[in-house]
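One structure is given below, encoded as structure tokens.
The values are calculated or read from the model by the stated rules, or taken from the named source; none is laboratory data. No experiment lies behind these values; they were computed from the predicted model shown. Cβ atoms come from the backbone with ideal geometry, glycine included; neighbour counts cover every protein chain shown. Heavy atoms of the whole protein, side chains included, go into the accessibility calculation; ligands, DNA and RNA do not. Shrake-Rupley method; radii C 1.70, N 1.55, O 1.52, S 1.80 Å.
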Amino acid sequence: MQTFPTTYRNAFDCFIRTYKQQGLFYGLYAGSSPALVANIAENSILFLFYGICQQSAVFISRKNCAIELNTLENAFCGSVAAIFSSLALCPTELIKCRMQAMHEVQMSYQTDIKRLPGAPMTKRLIGPYGLIKKIIAEQGFRGMFQGIGPTIAREVPGYFFFFGGYELSRSLLTPMDGSKNDLGVLSTLLCGGLGGVSFWLVVFPIDVVKSRVQVATKDVANNRGTLSTILLIFKNEGFTALYRGMTPNLMRTFIATGALFLAYEHTKANLNFLCQPHS
């Protein structure tokens, strides 16, 4: 829906037609492998540097520990951490976007991926590994970082609101005489979900542009940058095209980021407990 907005009427139409034309595995789960790798790589690096940035902020502000950092300080830590995670995210996100949009690309650019005469359009002839080799062969290693500009432009402000929204929600739900670390499972899930929603409400238009840039064929990508892509969207589709597909994305992210922060907080608490000296 982001990369080919005129192809589908809405999310339900996209779901039904994708399933009918491409099936469950090649359609609805297309790009799931690179998406899984992208999430693992991004979140590992993101939370690693988020912790490092928090410790740096504690040192600079002369506070005792990270729990004393305010919402704004945590939000800035998230922004800085996002710069590092973007470097790991961009190549895997590129493969995921190409895999998910491959059927539509085949229909729009039939010379982009060679097919046998008479082969069905819905047949997928290339997997993640083959796609990586194809990109490197045609564009070199730099081709794997196609879209790095809009990726960083999305991640840096996005994670400001991601961690800021999460920490603000935790502060609002924490009793006056309590600690944010004492929040229960449901409260943590809610705060994490709100953080994820905050992220996408701010950066979704940038994500649409990023997806368009990454899905573009080699010749188009070489002649169309981020700004020209934005202007082309405004000219041909209007401002609302930048928010096409947001509803299913918000539904997914609320659950996913809620679970992510719950796992993060419990893992951090357990590791802190194991690292403490026991008599």
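Taking Ala221, is it assigned to a helix (DSSP H, G or I), at pLDDT below 90 and under 20 Å from Ala153 (Cβ atoms)? Working first, answer last.
On the way: assigned to a helix (DSSP H, G or I): yes; at pLDDT below 90: yes; under 20 Å from Ala153 (Cβ atoms): yes.
Considered against the rule, which asks whether it is assigned to a helix (DSSP H, G or I), at pLDDT below 90 and under 20 Å from Ala153 (Cβ atoms), Ala221 comes out as yes.
Out of all the residues in the range 227-239, is one or more closer than 23 Å to Leu194 by Cβ and at pLDDT 80 or above?
Checked the range 227-239: no residue is closer than 23 Å to Leu194 by Cβ and at pLDDT 80 or above.
Tell me yes or no: at least one residue of the range 184-204 is at pLDDT below 80 and either among the basic types (Lys, Arg) or out of contact with any helix residue (DSSP H, G or I) (no Cβ under 8 Å at 6 or more places or on another chain) (or both).
Looking through the range 184-204, none of the residues is at pLDDT below 80 and either among the basic types (Lys, Arg) or out of contact with any helix residue (DSSP H, G or I) (no Cβ under 8 Å at 6 or more places or on another chain) (or both).
Just give me the residues in the range 226-279 being open to solvent by 40 Å² or more (accessible area, probe 1.4 Å), among the small types (Gly, Ala, Ser) and not in a helix (DSSP H, G or I), in sequence order.
Ser279
In the range 158-183, what count of residues is obtained for those that are touching a residue at least 40 places away in the same chain (Cβ under 8 Å), part of a helix (DSSP H, G or I) and small (Gly, Ala, Ser)?
The qualifying residues number 3.
Restricting to the range 174-190, name every residue that is over 15 Å from Ile67 (Cβ atoms) and surrounded by 13 or more Cβ atoms within 10 Å (Cβ to Cβ).
Listed by number, the residues that qualify are Ser187, Leu189, Leu190.
Condition first: more than 30 Å from Lys133 (Cβ to Cβ), polar (S, T, N, Q) and either outside any helix (DSSP H, G or I) or at pLDDT below 75 (or both). Now tell me which residues in the range 62-109 satisfy that.
Correct list: Asn64, Asn70.
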